[in-house]
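Asks: One structure, pasted below without further comment.
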Amino acid sequence: MKAIVTFNAGSSSLKFAVFGSGLDQVLAGQVPGYGPESLQAALVQIESKGILLQHCGGIGHRIVHGGTRYTAPVRVDQTIQDDLESLRKLAPLHLPYGLGAMAALRKLAPDVPHIACFDTAFHAGRDDLHTRLPLPRAYHERGYRRYGFHGLNYEHVVRELPLQTGKPLPRRLLVAHLGNGSSMCAILDGKSVETTMGFSTADGLLMGTRTGAIDPGVLIALMRDEDLESEGLEDLLYRRSGLLGISGLSSDMRELLASPAVEAAQAVNAYCYQAARYAGSLTVAIGGIDAMVFTGGIGENAEPVRQKILAQLSFLGLSAQNVHVVKANEELTIARHVLSLLRQ
């Protein structure tokens, strides 16, 4: 089997990785920005290792949203590419970049299998109780429902944790994916039951620049009082709020933890309180908790944040033995899916 290359195009950077036939990672990198320049920079690094995209066994792409139709990885042809383009409005902060990179790479390597892997797929098997929004029924059929995100990394955690601990996967598992985009997932017997992100990636936990869940009455008031149209409201909710909005200083947790400013402490405390509050509520969905995992840039590296969250969850009876840190690795999950489809 030839090398497998994965691409994870976001709104501010492009991650890439190369895996050998045994899924051993031989290269991983990240370049800032998006579009042709960042893609070219990634390809230069890949080719410097003697790997030509046109000669790879398969190329995997992280696609944030699969809507209701794409609930498993799929080999992409032009029909599917066009169909996915119609979903852009479901994740305006992410889909344009993932789909744009995939379209460009399909032109560069048209004879190589391209596999789209969806962040929503891990949550796709949830029942009506966990996906229906409190709107008139017709809206549900039109796609207004709770999807959930960060699924590729949640899938990785489910697979990786038993390898890391040498023990079976805990039956009732709570995973906190904490980073610039943050969410939590309540997992029962390895399957998603409930998660904090819903219809959009702006739902749930307070994040780097996103509000997380917010009273819809506030949105109505902002549109009325500040004369905000949809684009201005989207910019406010996705790019100017969260840690950045509360602190007025930065969306970077490292900078906030190091800052002596009162506003920085307020942002950190709000982030940790919301995380603990959501963690407590998620245990209802799985009838308790046997273990908790922290993952993502903040979850893995910001011990003060982990400790603040855990201190507020002491009533759950968690101990050092059942709290774990698992390094996020969406790229490995994508590579596994690529290999699986190629073997089929």
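The values are calculated or read from the model by the stated rules, or taken from the named source; none is laboratory data. Computed from a predicted structure; not experimentally measured. Virtual Cβ from ideal backbone geometry, glycine too; neighbours counted across all protein chains shown.
Asks: Checking the structure you have, find out if any residue of region 103-121 is under 18 Å from ASP203 (Cβ atoms) and in contact with a Lys or Arg (Cβ under 9 Å, 6 or more places away or on another chain).
Replies: There is at least one residue in region 103-121 that is under 18 Å from ASP203 (Cβ atoms) and in contact with a Lys or Arg (Cβ under 9 Å, 6 or more places away or on another chain).
Asks: Can you give me the number of residues within region 12-40 that are crowded, with 17+ Cβ neighbours inside 10 Å and touching a residue at least 24 places away in the same chain (Cβ under 8 Å)?
Replies: 9
For every residue, the table says whether it meets (1) in contact (Cβ under 8 Å) with a residue 40 or more places away in the chain; (2) over 19 Å from LEU93 (Cβ atoms).
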position	(1), (2)
PHE149	yes, no
GLU155	yes, yes
VAL158	no, yes
LEU188	yes, yes
THR196	yes, no
PHE199	yes, no
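Asks: Among the residues of region 112-137, write down those that are of a type in the set (A, V, I, L, M) and in a helix (DSSP H, G or I).
Replies: ALA121, LEU129
Asks: Outside the structural domain of SER11 (by TED's automatic domain parsing), without any contact (Cβ under 8 Å) to a residue 60 or more places away in the chain, under 24 Å from ARG171 (Cα atoms) and not polar (S, T, N, Q) - does that describe any residue in region 223-242?
Replies: Checked region 223-242: no residue is outside the structural domain of SER11 (by TED's automatic domain parsing), without any contact (Cβ under 8 Å) to a residue 60 or more places away in the chain, under 24 Å from ARG171 (Cα atoms) and not polar (S, T, N, Q).
Asks: Looking at ALA176, ALA103, ALA109, ALA121, which one is crowded, with 21+ Cβ neighbours inside 10 Å and farther than 30 Å from GLY317 by Cα?
Replies: ALA121
Asks: What helices (runs of 4 or more DSSP H), lying completely within region 216-277, carry at least 3 residues that are under 23 Å from the mean Cα position of the chain (by Cα)?
Replies: Hits in region 216-277: 230-239, 242-247, 253-258.
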